[in-house]
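Student: Here it is, the structure in full.
The values are calculated or read from the model by the stated rules, or taken from the named source; none is laboratory data. Because the structure is a prediction, the values reported are computed rather than measured. With ideal geometry, Cβ positions are generated from the backbone for all residues, glycine too; neighbour counts draw on all protein chains shown. Ligands, DNA and RNA are excluded from the accessible area calculation, which covers all protein heavy atoms including side chains. Shrake-Rupley method; radii C 1.70, N 1.55, O 1.52, S 1.80 Å.
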Amino acid sequence: MSAGMFKSQHRSTAGRAGTWVAPAAGFLVLLALLLYPTFGSDSGAGTMTTFFILASAAMALNLMFGYAGQLSLGHSVFFGIGSYSTAVLVSKYGWSPWATFVVAFALAFVAGLLLALPGLRIRGIYLGLVTLAFALVFPNLLRWQKLAWLTSGSAGIQDAGFDFRSMPRLELFGLTLIDNLRSITGKTTFFYWLALLTALVVYLACRGLVHSRVGRALVAVRDNETAATTMGVNVATTKALVIATSAGLCALAGSVAAIRTGNVTAESTYLTFQGAMVFLIAVILGGVGTLWGPIIGAGVYIIISDQTGSWANDENIPAILRPVFGWAEIPPGNGIFAVLLILLMFAAPRGLAGIGTRIKEAVLAYRTRDAAVAPSEPARARVATWQRK
């Protein structure tokens, strides 16, 4: 067998292997995540639940910021719409928490359409300032006394989650998944699976939209609106659709957060402007405009926040890092994120996910160069014949 035929068969075999390796790896990862509460600790499952909520919100923001190029500094508003929609409907009107997901998505979708109206005429930092204004006003609006009949003002809303007294166990098609939902372990596992399911739904929605015709239009609008218009893309409709969809998906994460904690206030995690910044940090850390970037960024954020949360006390800081962070009177997590962002801007402008992409591109370029340099079989035969002569 000739060397050229062997290389061709090797490439085809590697290509066929690549078609099933990625789905198989994804299935194994998903299976491990589903089974994690059975072998992990309650605290670990709680941390993973927070990770799934943050990853869902970051993926929603990435759809607007990464793929459509529309800066948003106010996704905490949509997160809050989801949280308060679930809390109000469950506590005041007796709705099932499951049904509130649809309402939360719809309300945030409409709010996203309203936000898209000024976004049709402004872009970039100016649109970011508009969303920033919404993020700063939203908590004050929730505390407004004239809306206290709905939001309960500064006190917030209690009993926003499931009533486990009437739901002692979790069953699916007659199979008992959680035997005792009233225990701490049972509740932790239930919230874990709920957050994981929501993150999976958000990921599949983003993936489906990005790989569709609408997704290609999004990238065209992001790169060059004039060129996109020339190619027949309806820029106004595309912008409005992605902003509204991004808002609706972010609201789903807010609903999960409300169900998990059981109470919602204007100062709840991720409802304030600080929450909007956390979403943005997760997207930039992981990689803007990539499907896995927000997930990676959310994981890095959760790990650093969890590990440095007690570093206000010098004794909790590792000895090797104590000279660097020992002076801090508060946990230095925000400072670490600032340093990471600065370093990423120089070393990996496309985020942590972009590092893997650059390695893949380098490998492909190396293989392409080898294929171009290597002489073909007919060329080798002609050289051999000439040498014999």
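Student: Return a yes/no flag: does segment 320-339 have any residue that is part of a helix (DSSP H, G or I), open to solvent by 90 Å² or more (accessible area, probe 1.4 Å), more than 24 Å from I53 (Cα to Cα) and in contact with a helix residue (DSSP H, G or I) (Cβ under 7 Å, 6 or more places away or on another chain). Outline the logic, then answer.
Tutor: Keep residues of segment 320-339 that are part of a helix (DSSP H, G or I), which gives 322-325, 333-339.
Checking the rest, the ones that are also open to solvent by 90 Å² or more (accessible area, probe 1.4 Å) come to 322-323, 334.
Cutting the leftovers down to more than 24 Å from I53 (Cα to Cα) gives us 322-323.
With the extra rule that they be in contact with a helix residue (DSSP H, G or I) (Cβ under 7 Å, 6 or more places away or on another chain), the set shrinks to 322.
Among the residues of segment 320-339, at least one is part of a helix (DSSP H, G or I), open to solvent by 90 Å² or more (accessible area, probe 1.4 Å), more than 24 Å from I53 (Cα to Cα) and in contact with a helix residue (DSSP H, G or I) (Cβ under 7 Å, 6 or more places away or on another chain), which makes the answer yes.
Let's see how each residue does on (1) at positive phi; (2) out of contact with any Pro (no Cβ under 6 Å at 6 or more places or on another chain); (3) open to solvent by less than 60 Å² (accessible area, probe 1.4 Å):
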position: E225; (1), (2), (3): no, yes, yes
position: T230; (1), (2), (3): no, yes, no
position: A240; (1), (2), (3): no, yes, yes
position: A247; (1), (2), (3): no, yes, yes
position: V264; (1), (2), (3): no, yes, yes
position: L271; (1), (2), (3): no, yes, yes
position: G287; (1), (2), (3): yes, yes, yes
position: V300; (1), (2), (3): no, yes, yes
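Student: Would you be able to say whether some residue in segment 96-118 is part of a loop (DSSP other than H, G, I, E, B) and either at pLDDT 90 or above or more than 23 Å from T226 (Cβ to Cβ) (or both)? It would help to see each step written out before you state the result.
Tutor: Restricting attention to segment 96-118, the residues satisfying the condition of being part of a loop (DSSP other than H, G, I, E, B) are 96.
Then keep just the ones that are either at pLDDT 90 or above or more than 23 Å from T226 (Cβ to Cβ) (or both); that gives 96.
Scanning segment 96-118 turns up at least one residue that is part of a loop (DSSP other than H, G, I, E, B) and either at pLDDT 90 or above or more than 23 Å from T226 (Cβ to Cβ) (or both).
Student: Let me ask something else. Tally time: how many residues in segment 58-95 are open to solvent by 40 Å² or more (accessible area, probe 1.4 Å), part of a helix (DSSP H, G or I) and not small (G, A, S)? Don't jump to the end; show me each part of the working.
Tutor: Within segment 58-95, the subset open to solvent by 40 Å² or more (accessible area, probe 1.4 Å) is 65, 91-95.
In the following step, the residues that additionally are part of a helix (DSSP H, G or I) were identified as 65, 91-93.
Subsequent filtering for residues that are not small (G, A, S) retains 65, 92-93.
Selection size over segment 58-95: 3.
Student: While we're here: So if I check each of A258, A298, A240, A244, which one is in contact with a strand residue (DSSP E or B) (Cβ under 7 Å, 6 or more places away or on another chain), touching a residue at least 12 places away in the same chain (Cβ under 8 Å) and assigned to a helix (DSSP H, G or I)?
Tutor: On the way: A298 fails: in contact with a strand residue (DSSP E or B) (Cβ under 7 Å, 6 or more places away or on another chain); A240 fails: in contact with a strand residue (DSSP E or B) (Cβ under 7 Å, 6 or more places away or on another chain); A244 fails: in contact with a strand residue (DSSP E or B) (Cβ under 7 Å, 6 or more places away or on another chain).
Result of the check over A258, A298, A240, A244: A258.
Student: Looking at this structure, is R143 within 23 Å of the chain's Cα centre (by Cα) and on the phi < 0 side of the Ramachandran plot?
Tutor: Details: within 23 Å of the chain's Cα centre (by Cα): no; on the phi < 0 side of the Ramachandran plot: yes.
So R143 does not fit the description; no.
Student: Report, by residue number, each residue of segment 4-39 that is aliphatic (A, V, I, L, M) and at pLDDT below 50. Give the derivation first.
Tutor: Residues of segment 4-39 that are aliphatic (A, V, I, L, M), as a first pass: 5, 14, 17, 21-22, 24-25, 28-35.
The answer is M5, A14, A17.
Student: Considering segment 96-109 alone, what residues qualify as being in contact with a Gly (Cβ under 9 Å, 6 or more places away or on another chain) and either open to solvent by 60 Å² or more (accessible area, probe 1.4 Å) or within 20 Å of A68 (Cα to Cα) (or both)? First the steps, then the outcome.
Tutor: Of segment 96-109, the ones in contact with a Gly (Cβ under 9 Å, 6 or more places away or on another chain) are 97, 100-101, 104-109.
Residues satisfying the conditions are F105, L107, A108, F109.
Student: From T198, T185, which residue is farther than 30 Å from I342 by Cα, in contact (Cβ under 8 Å) with a residue 12 or more places away in the chain and open to solvent by less than 40 Å² (accessible area, probe 1.4 Å)?
Tutor: T198
Student: How about segment 270-324: which of its residues are of a type outside the set (V, I, T), under 18 Å from G46 (Cβ atoms) and at pLDDT 90 or above?
Tutor: Kept after step one, since they are of a type outside the set (V, I, T), are these residues of segment 270-324: 270-271, 273-277, 279-280, 282, 285-287, 289, 291-294, 297-299, 301, 305-307, 309-316, 318-319, 321-323.
Still in the list and also under 18 Å from G46 (Cβ atoms): 270, 298-299, 301, 305-307, 309-310.
Residues satisfying the conditions are Y270, A298, G299, Y301.
Student: In segment 116-140, which residue that is among the aliphatic types (A, V, I, L, M) and farther than 17 Å from L271 by Cβ is surrounded by the most Cβ atoms within 10 Å (Cβ to Cβ)? Walk me through it before giving the result.
Tutor: Going through segment 116-140, the residues among the aliphatic types (A, V, I, L, M) turn out to be 116-117, 120, 122, 125, 127, 129-130, 132-133, 135-137.
Narrowing the set further to residues that are farther than 17 Å from L271 by Cβ leaves 116-117, 120, 122, 125, 127, 129-130.
Details: A116: 21, L117: 12, L120: 14, I122: 13, I125: 10, L127: 25, L129: 13, V130: 17.
Filtering segment 116-140 for residues that are among the aliphatic types (A, V, I, L, M) and farther than 17 Å from L271 by Cβ, the one surrounded by the most Cβ atoms within 10 Å (Cβ to Cβ) comes out as L127.
Student: Within segment 262-277, identify whether any single residue is β-branched (V, I, T) and within 21 Å of the chain's Cα centre (by Cα), and answer yes or no.
Tutor: Here is the first cut: in segment 262-277, the ones β-branched (V, I, T) are 264-265, 269, 272.
Among the residues that remain, those that are also within 21 Å of the chain's Cα centre (by Cα) are: 269, 272.
Among the residues of segment 262-277, at least one is β-branched (V, I, T) and within 21 Å of the chain's Cα centre (by Cα), which makes the answer yes.
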